Amino acid sequence: GTWGALPDLLKDNADSFPPFDEWDFLFVGYDTKDPLTFLDIARLICTHWEQAAAGALPLGRRYDKVALLGHSLGTLGIRQALCAWAIQPQGMRTALHSVTLFGTPLNGSPLAKFATWRYKIAEALKPGSAQLKMLRTWLKGAFKKEPWPDARVILGLDDRVVGYREVDFIEWPGDREPVTMTNYDHSDLVKPVSWAESSVVSFVRQAIQ
């Protein structure tokens, strides 16, 4: 649901358009009410890559390259997976082709305080939370020692969930300068209108080139 029509658009079009035709696409979902820490999402990401690299069923073949694309809370799970070496499957960093982060909570979310009754992870998403501070420091040390491909950050200038003012765009280790999209809110960033006219499809193309 996060990605709107993107899964169906890839299913219908990917095999006819390079470089999409050289890749397989896996959408990993989770119930937002479940995670307590960013590590919970990171473990999910690492488990799926471990299965893909091993050729476990139902995949049925071994993969040797991975591009990670995430949205919102999922981007913090990706960030955690990049620096939590203890949970990374062997060879994951060398297999990493690119990292693309849509609507990433660079400084948490000003709306998190309204969601603590519903989502356990909301406490960690409050601006300046202990988990966010810890993750950013952890990421800085890990990137300095064993860097990964610079993450491409896509932000909507109408995104009131994670912030949309210049002051909200806090630099994280390993990130390129953010790409800011006008007239896009938190959800629109990853919901394509069509295959031919979609910024999301264009960003996916750039991630797998």
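Okay, here's what the table says:
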read-out: Solvent-accessible area, 1.4 Å probe, carbon plus sulfur percent, for the chain; value: 52
read-out: Proximal aspartates and glutamates relative to Lys11, as straight alpha-carbon distance under 12 Å, when same-chain residues fewer than 8 apart are discounted; value: Asp21, Asp24
read-out: 3J(HN,Hα) from dihedral phi, the range 66-81, Karplus parametrisation 6.51/-1.76/1.60, rounded to Hz, x for glycine, proline; value: 9, 10, 9, 10, x, 10, 6, 4, x, 5, 6, x, 5, 4, 5, 4
read-out: Cross-link reach list, lysines versus Lys144, counting only Cα pairs under 24 Å and skipping chain neighbours closer than eight places; value: Lys65, Lys133
read-out: For the range 133-143, Karplus couplings with θ = phi - 60° (6.51, -1.76, 1.60), whole Hz, Gly/Pro x; value: 4, 5, 4, 5, 5, 4, 5, 4, x, 5, 5
read-out: Translational D in µm²/s for the range 96-209 (Stokes-Einstein at 20 °C, 1.002 mPa s, Kirkwood Rh from C-alpha pairs); value: 141
read-out: Calculated from backbone phi, Karplus (6.51, -1.76, 1.60) coupling profile of the range 18-35 in Hz, x at Gly/Pro; value: x, x, 4, 5, 8, 10, 10, 10, 10, 9, 9, x, 7, 7, 4, 6, 7, x
read-out: Most fluctuating residue given options Asp40, Asp64, Asp31, as computed from a GNM of the chain linking Cα atoms under 10 Å; value: Asp31
read-out: Check: the chain dipole with +1 on Lys, Arg Cβ and -1 on Asp, Glu Cβ, in debye; value: 820
read-out: Highest average packing first - 108-114, 66-72, Cβ atoms within 10 Å; value: 66-72, 108-114
read-out: Å² of accessible area per residue within the range 106-209, as computed with a 1.4 Å probe and no ligands counted; value: 58
read-out: Taking the convex hull of Cα positions in the chain, its mean projected area over all directions (nm²); value: 11.3
read-out: GNM top mover of Leu155, Leu39, Leu26 - the chain, alpha-carbon springs below 10 Å; value: Leu26
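The values are calculated or read from the model by the stated rules, or taken from the named source; none is laboratory data. Not measured: the values here are computed from a predicted model. Cβ coordinates were reconstructed from backbone atoms using ideal geometry, including for glycine residues, and neighbour counts include every protein chain displayed. Ligands, DNA and RNA are stripped out before the accessible areas are found, and what is left, the full protein with its side chains, is counted by its heavy atoms. Shrake-Rupley method; radii C 1.70, N 1.55, O 1.52, S 1.80 Å.
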